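J.: Please find one structure pasted underneath; my questions will follow.
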Amino acid sequence: MALACAVALVAAPAAPAAPVTRAGTAAGCSMDDQAQGLPGRASGTPVQVPRRDGRVDQFQAFHDTTGRSGLPFVWHRSQREPGGAYGDWERVSAGTVGPKAVFITGIENAAGGLELFWLDHGGFCHTAQGPDGGAWSAPEGFGLQPAPYHGFLTLFKRSNGTLVAMASSTLWDRSMESRTQLSSDGVWQRATGMGKVPESGVGLSAPGTVTELPDRRLKVTAHEWNADSRYWQLTEVVPNDGRPSGWWGARWERCATPACD
């Protein structure tokens with residue numbers, strides 16, 4: 001599951017030289033290639049991603065005064081050993097974070113690599129790193145885009161290693177949607193609708209809880225956007241490991257508590 005934790009003040013990393021002169025978009029992600037990789041002020045709180053070997057990886061947004069957009073970039077560092085010191089900060093890409101909020105989340109996949117996501121003008125950009133570290137893949141738009149103020153992206157790992165990414169949806173036939181990455185091939189499947197709230201004019205925030213039941217089905221709860229005490233839940237009809245899609249229930253159900261217990 002995605003984790004975002006506040007920790008002690010993070011110092012700006014030493015700057016590698018990477019002078020380039022372009023700015024624009026690539027594969028659906030906003031890019032600022034004019035920035036030279038000169039990290040300055042940190043933005044938001046560090047995101048911590050636990051690894052299966054006991055180490056922790058960290059992600060942090062840092063501004064770069066040499067950039068054209070004024071938006072921060074995602075930087076990454078890895079713990080050398082469980083409980084030990086961290087390596088140097090390295091910029092992930094020229095992809096920019098924001099502008100309305102600084103949101104970053106990540107998770108380890110079944111192969112031991114990292115999956116990283118950040119907010120980009122209301123949608124999400126995605127990149128991945130292999131289990132042995134090294135270069136990150138080119139950032140690409142991930143395709144899920146909630147309505148403004150309806151939360152961000154929630155990640156969950158099933159007991160078999162399959163990953164599920166979920167976000168509120170603005171499409172007419174669904175209140176939320178998800179994408180699944182099979183543990184067998186590491187490929188993200190296309191977006192699947194996650195049912196519809198049966199009341200008109202009701203929007204959902206991002207999932208508040210995701211639980212794998214003893215029979216491996218997922219139960220998801222979400223807070224109704226702009227309503228203090230209204231919660232909804234949805235449970236898979238049968239476990240969906242990515243093929244075929246469409247195993248979510250047709251309608252969300254109202255419940256009385258945040259966890260719908």
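The values are calculated or read from the model by the stated rules, or taken from the named source; none is laboratory data. Source: prediction; values computed, not measured. Every residue, glycine as well, gets a Cβ built from its backbone with ideal geometry; the counts of neighbours run over all protein chains shown. Surface accessibility is based on the protein's heavy atoms, side chains included, excluding ligands, DNA and RNA. Shrake-Rupley method; radii C 1.70, N 1.55, O 1.52, S 1.80 Å.
J.: What dipole magnitude, in Debye to the nearest 20, does the stretch 63-175 give about its Cα centre under +1 on Lys/Arg Cβ and -1 on Asp/Glu Cβ?
T.: Numbers: 8 positive and 10 negative charges, 50 e Å.
Dipole size: approximately 240 debye.
J.: Still on this structure, I have one more. Semi-axes of the stretch 141-261's equivalent ellipsoid from the Cα gyration tensor, sqrt of 5 times each eigenvalue, largest first, rounded to whole Å? Mind dumping the intermediate values first?
T.: Working: eigenvalues 98, 51, 30 Å².
With the √(5λ) rule applied to the stretch 141-261, the semi-axes are 22, 16, 12 Å.
J.: Tell me the label-point distance for the pair D132, K100, using the 7 Å Cα-to-Cβ offset, in nm and rounded to one decimal.
T.: The answer from the label model is 4.2 nm.
J.: Give me the percent of accessible area attributable to carbon and sulfur for the chain, probe 1.4 angstrom. Walk me through the intermediate numbers first.
T.: On the way: 6400 of 12300 Å².
Exposed carbon and sulfur together represent 52 percent of the surface.
J.: Calculate, for the stretch 20-124, the solvent-accessible area per residue in square angstrom, rolling a 1.4 angstrom probe over the heavy atoms of the protein chains.
T.: On the way: 4280 Å² over 105 residues.
Per-residue value: 41 Å².
J.: Mean separation of Cα pairs under 8 Å and 6+ residues apart, divided by the residue count of the chain: what relative contact order is that in percent? Provide the component values of the computation, followed by the final result.
T.: Values: 677 pairs, mean separation 28.6, N = 261.
Answer for the chain is 11 percent.
J.: Read through the labelled values [x] 53, 38, 33; [y] 54, 38, 37; [z] 73, 46, 33 and report the label of the one computed as Cα extents along the principal axes in Å from the structure.
T.: Matching the structure shown: [x].
J.: Using 7 Å Cα-to-Cβ label points, what is the Q36/W247 separation (nm, one decimal)?
T.: Placing both labels 7 Å along Cα→Cβ, they lie 5.3 nm apart.
J.: Top to bottom by accessible area (1.4 Å), largest first, where do H121, H126 land?
T.: Values: H121 105, H126 25 Å².
The most accessible residue leads, giving H121, H126.
J.: Once you have the Cα-Cα distance between S229 and Q48, take 0.36 nm times their residue separation minus that, and quote the gain in nm to one decimal.
T.: On the way: separation 181, 0.36 × 181 = 65.16 nm, distance 3.00 nm.
Additional length available on full extension: 62.2 nm.
J.: How much accessible area per residue does the stretch 170-230 have, in Å², with a 1.4 Å probe?
T.: On the way: 3120 Å² over 61 residues.
Value for the stretch 170-230: 51 Å² per residue.
J.: Another question, then. State to the nearest 20 debye the size of the charge dipole of the chain about its Cα centre, where the only charges are +1 on K and R beta carbons and -1 on D and E beta carbons.
T.: On the way: 23 positive and 25 negative charges, 35 e Å.
Computed about the Cα centre, the dipole is about 160 debye.
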